[in-house]
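One structure is given below, encoded as structure tokens.
The values are calculated or read from the model by the stated rules, or taken from the named source; none is laboratory data. Keep in mind the model is a prediction, meaning the values are calculated, not measured. Please note: Cβ atoms are built from the backbone with ideal geometry, for glycine as well, and neighbour counts cover all protein chains shown. When the accessible area is computed, the model is the full protein with side chains, heavy atoms only, and any ligands, DNA or RNA have been set aside. Shrake-Rupley method; radii C 1.70, N 1.55, O 1.52, S 1.80 Å.
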Amino acid sequence: MASERDGFGTTPRVAVGALRGISVSPGVAIGPAVVFDRNAIPVPRLTMEATDAPHEKLRLHEAILRSRARVERVRDALPEYDAEHRLILEAHLLMHRDELLVQATERAIDQGKNAEWALELSVGVLAARLAQATESYLRERVRDLDHVKEGILRELTGATHALPTLEEPSILVAVDLSPAEFLSLPRDMILGIVTELGTSTGHTALLARALHIPAVVHAQRATRLIEKGRVVVVDARTGEVLVDPSVLERVSAEHRADRYRTFAGRLRSHAPEQTTLRDGTGIEILANLELEVEVEEALEARAEGVGLYRTEFLYLKGAAPCEEQLYELFGRVGRAFHPRPVCIRTFDLGADKLPIGDLEAAPNPALGLRGLRLALARPELFEAQLRAVLRASSATSLRLMFPMVTNVEEMREAKRMVSRVRLGLEQSGIEVGQVSIGAMIEVPAAAMMIDALAKECDFFSIGTNDLTQYAMAADSNNPRVAAFASPLAPGVLQLTA
């Protein structure tokens, strides 16, 4: 890595060149960098006397209250329709008063640690447990826990919590961004985002895509190599982050940005009312959704409905949503597309993705209590979702789909539960609609007995990610075997033929 000095012999600047990361929200952005290094919080490590413990515990609880109040202010400032983002912040508020976290920190204080040190130690232990999970959803919760810790530490230490002041449209460079931080940003001042951490399924990726902000994650050492004010090109098509581009490189990037905007605009403006093959056969183009804010984009792209609404995202932010919250959400999405169909998939959670009660993590969660198995094991959660779907279907065109169906009896039991819920609503005088019921085929056993399952379903959907994983015995998130996890492998194609 070379260094440069300007003509006046001032402090050298490192010639960074290009960094590589993972593109999670497409587009090309050029602008000055603003660096947000959350990890720069000083954590004093002091050995305290036993008589100091009550005072340190008081400091801890006061800091937790102040940190909660700050998150609450961000939550309360959100618009009413921003239900998903509100739930993310609700999860962080729940973590602030998590008994495991608070009690572990108090025990560390009783052992002679000051509050800051005790908090760092207790979060480190909890985070290490989460980091061992095989499921990406649970590993993402490590970052949520870190965000909560950092908020409390800032209150304890007095370190400035505020995000960098954005005086002009800029590229934000950070180790990571919590949902509260992301939602606090002035959206018209963010040209692009570069983070050192993150995945394609993390909060940063989802929010950036929903807001159409070019973003690259997993750009290692970005906050160390990129200085404030340096011009940065974020090419979120290729995953490249270019620092201090030459004149020619900058002009080229501006042309790519213009071409991408033109291309995206043409796609929307030229989308046909009906997609057909050359022989005239009609093809439905349906949207996949995780966030309600994606509805408008899907409508602009002339989606002919929603083929998959992944409802588990609603449960991965803390407390499970209640029936009324689900009913209102499903109703809004259904009305937005009516009379076009919206397929609601019941929550596809696993025992180690997020604690949703007293479930214990399984030794091998991919083969444990997950999908429809988990829903049937937790009828209070499942029935609340079923009631919400049936109620919302009275005025919309909703479909209902179950994930991870493995056998006929499982499907029949789920349908019996739908019938019981429907009967209960009707006896209470609540209007319900008719919904088609389908199964997502993600398990080889289900694919092998598709004829028998077809007698129990109105439609099928193929979940290629999990079906490929189970058929090929290969985890697509494991780089050492990811090449085996191809949905085009002959064995997988034969299952879906």
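Would you be able to say whether some residue in the range 445-453 is assigned to a loop (DSSP other than H, G, I, E, B) and at pLDDT 90 or above? Yes, the range 445-453 contains a residue that is assigned to a loop (DSSP other than H, G, I, E, B) and at pLDDT 90 or above. Residues that are open to solvent by less than 10 Å² (accessible area, probe 1.4 Å), within 17 Å of VAL24 (Cα to Cα) and either touching a helix residue (DSSP H, G or I) at 6+ places or on another chain (Cβ under 8 Å) or at pLDDT below 85 (or both) within the range 214-245 comprise ALA215, VAL217, VAL233, ASP235, VAL241, listed in sequence order. If you go through the range 435-455 and pick out every residue that is open to solvent by 30 Å² or more (accessible area, probe 1.4 Å) and either out of contact with any Ser or Thr (no Cβ under 7 Å at 6 or more places or on another chain) or basic (Lys, Arg) (or both), you end up with 9.
Among the residues that make up the range 228-245, is at least one of them in a strand (DSSP E or B), small (Gly, Ala, Ser) and closer than 30 Å to ARG86 by Cβ? Scanning the range 228-245 turns up no residue that is in a strand (DSSP E or B), small (Gly, Ala, Ser) and closer than 30 Å to ARG86 by Cβ.
Only residues that are touching a Leu at 6+ places or on another chain (Cβ under 7 Å), of a type in the set (Gly, Ala, Ser) and either part of a helix (DSSP H, G or I) or under 15 Å from MET401 (Cβ atoms) (or both) were counted across the range 317-336, and they come to 2.
Within the range 289-316, the set of residues being assigned to a loop (DSSP other than H, G, I, E, B) and among the basic types (Lys, Arg) comprises just one member, ARG302. When we screen ALA447, ALA454, ALA439, ALA471 for residues that are under 29 Å from ARG387 (Cβ atoms), of a type in the set (A, V, I, L, M, F, W, C) and touching a residue at least 24 places away in the same chain (Cβ under 8 Å), the only hit is ALA439. Confirm whether ILE41 is open to solvent by less than 40 Å² (accessible area, probe 1.4 Å) and modelled with pLDDT under 75. In short, yes. Within the range 477-497, being at pLDDT below 85, open to solvent by 100 Å² or more (accessible area, probe 1.4 Å) and not in a loop (DSSP other than H, G, I, E, B) holds for one residue alone: PHE484.
When residues in the range 198-213 are screened for being touching a His at 6+ places or on another chain (Cβ under 7 Å) and either hydroxyl-bearing (Ser, Thr, Tyr) or modelled with pLDDT of 80 or more (or both), 0 of them pass. On the stretch given as the range 56-68, residues that are closer than 15 Å to LEU94 by Cβ and either touching a Pro at 6+ places or on another chain (Cβ under 8 Å) or open to solvent by 30 Å² or more (accessible area, probe 1.4 Å) (or both) total 2.
Among residues of the range 89-104 that are part of a helix (DSSP H, G or I), those with a beta-carbon under 6 Å from a residue that is basic (Lys, Arg) at least six positions away or on a different chain give the pairs LEU89/ARG75; ALA91/LYS317; LEU93/ARG68; HIS96/ARG68. So for the range 463-476 (the condition being surrounded by fewer than 15 Cβ atoms within 10 Å (Cβ to Cβ), part of a loop (DSSP other than H, G, I, E, B) and on the phi < 0 side of the Ramachandran plot), does at least one residue qualify? No: the range 463-476 contains no residue that is surrounded by fewer than 15 Cβ atoms within 10 Å (Cβ to Cβ), part of a loop (DSSP other than H, G, I, E, B) and on the phi < 0 side of the Ramachandran plot. Can you tell me which residue within the range 341-356, out of those that are of a type outside the set (Gly, Ala, Ser) and modelled with pLDDT under 85, is most open to solvent (accessible area, probe 1.4 Å)? Going through the qualifying residues, I end up with PRO355.
Here ASN288 meets each of (1) crowded, with 19+ Cβ neighbours inside 10 Å; (2) over 22 Å from ILE171 (Cα atoms); (3) modelled with pLDDT of 85 or more with one exception, condition (1).
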